[in-house]
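Down below is the structure, laid out as structure tokens.
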Amino acid sequence: MCGIAGYLHFSGEQAPPIGRVVLSMLEALGCRGPDSAGVALCGPRHADSLVLRVKLGDHADFAARGADVEAATARFQAGGFTRTGPYLRFTVPAAGELTDLTRAIEALSPDIEVVSAGTALEIVKQVGSPANLEATYQVSRFEGSHGIGHTRLSTESRVDLSHSQPFWGHGCADLAIVHNGHITNYHQLRRRYEQNGVRFYTENDSEIIGIYLARHLNQGKSLESGLRAMLRDMDGSFSCLAVTATELGFIKDPFAFKPLLVAETERFVAVATEEVAIRAAIAGDYTVREAQVREFKVWRR
């Protein structure tokens, strides 16, 4: 019952802020997922630095936690620290080792989590409605080229920030996913990854998709081939969107149980669980179609 949405702007024309477009789509989908809302948005790339967003805990002294993270990341040349609510945002040189940095941060406390890392990608999510997300983080002002969003109805795991979507592809910069559906072989896949030392942060089956695609991209393979491989390796009913610094992609399961609508023009691509979300965010005359069984596609900037 969750709602997912994605948008990519192709042309060089002046486009509305990507945050505003994705937020408008999520507001139209709000009735599908009242528990939480979130976005993964891609702005101009920072060639020499990574932007990190870190969740400082569930119920903690966020100012003190922020100071702890600053101290732990000093050797990684972190800087530009700002905090809003439970999120700390800062930058590090892109040439550093992302895995070591993540471990140093998350070793401070079990409830501290790196929510996103990227040269272009930033994730913001929280419990509550898209309106609450906007009121706290003003995501509608975010300038960029593409992004995805999610409104969640919890069916199998608890409602908190970590279980909210989008999910970062942990260990892979500039990768995030949103998902509507169920991965029925989740526990089997999870055991396999955990035996190889992969950490899971939630009990949400959607998290496995981010981990799966991150390992795929870290092997030098493409997002498109990763989505194709999901049809082989993942069981269940799913509609999924993924973004990298330069791409937006989707995949639909072999049964087409979960709805997904697509609008593609020379100016933009929009994908959402319901047509009303696309129409609410984007004015004009264009065609919206239903994605087909086992269909996947990636668009590149």
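The values are calculated or read from the model by the stated rules, or taken from the named source; none is laboratory data. What you see is a predicted model, and the numbers here were worked out from it, not measured in a lab. Counting neighbours? That spans all protein chains shown, and the Cβs are built from the backbone with ideal geometry, glycine included.
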Selection from the range 266-295 of residues in a loop (DSSP other than H, G, I, E, B) and not aliphatic (A, V, I, L, M) yields E266, R267, T273, E274, G284, D285, Y286, T287, Q292, R294, E295
Set G236, G220, G249: member being more than 21 Å from C2 (Cα to Cα) and either touching a Ser or Thr at 6+ places or on another chain (Cβ under 8 Å) or modelled with pLDDT of 95 or more (or both): G220
Considering only residues of the range 253-293 that are among the basic types (K, R) and at pLDDT below 95, which is nearest to V21 (Cα to Cα)? R267
I'd like to verify a number: residues in the range 189-211 that are in contact with a Lys or Arg (Cβ under 7 Å, 6 or more places away or on another chain) and within 21 Å of L223 (Cβ to Cβ), how many? 1
Are there any pairs with C-beta distances below 8 angstrom linking a residue in the range 195-214 that is without any contact (Cβ under 8 Å) to a residue 12 or more places away in the chain to a residue that is not aromatic (F, W, Y), with the two at least 6 apart or on different chains, and if so which? F200/R190; F200/E194; F200/E207; F200/I211
Residues of the range 255-265 being in contact with a strand residue (DSSP E or B) (Cβ under 7 Å, 6 or more places away or on another chain), in a loop (DSSP other than H, G, I, E, B) and closer than 16 Å to T287 by Cα, in sequence order, are L260
Scanning the range 186-230 residue by residue, those assigned to a loop (DSSP other than H, G, I, E, B) and among the acidic types (D, E) turn out to be E203, D205
List, please: which pairs have Cβ atoms under 6 Å, are six or more places apart or on different chains, and start with a residue in the range 124-139 that is at negative phi and end with one that is at pLDDT 90 or above and among the hydroxyl-bearing types (S, T, Y)? V124/Y137; E134/S140
Looking at the range 231-259 only, could you name the residues that are under 14 Å from E295 (Cα atoms), surrounded by 18 or more Cβ atoms within 10 Å (Cβ to Cβ) and without any contact (Cβ under 8 Å) to a residue 60 or more places away in the chain? F238, G249, I251, K252
Matching residues, the range 14-32, being more than 23 Å from K258 (Cα to Cα) and β-branched (V, I, T): I18
Would you point out the residue of the range 18-35, among those that are more than 21 Å from R141 (Cβ to Cβ) and not charged (D, E, K, R), that is surrounded by the fewest Cβ atoms within 10 Å (Cβ to Cβ)? C31
Complete set of residues in the range 1-57 that are assigned to a strand (DSSP E or B), more than 30 Å from G96 (Cα to Cα) and of a type in the set (S, T, Y): Y7, S36
Criterion first (within 30 Å of D111 (Cβ to Cβ) and at pLDDT 95 or above) does Y212 satisfy it? yes
Return yes when A63 is closer than 19 Å to L98 by Cα and over 17 Å from the mean Cα position of the chain (by Cα) and no when it is not. no
Counting residues that are more than 16 Å from the chain's Cα centre (by Cα) and surrounded by fewer than 20 Cβ atoms within 10 Å (Cβ to Cβ), which strands (runs of 3 or more DSSP E) fully inside the range 66-185 reach at least 2? 79-84, 87-93
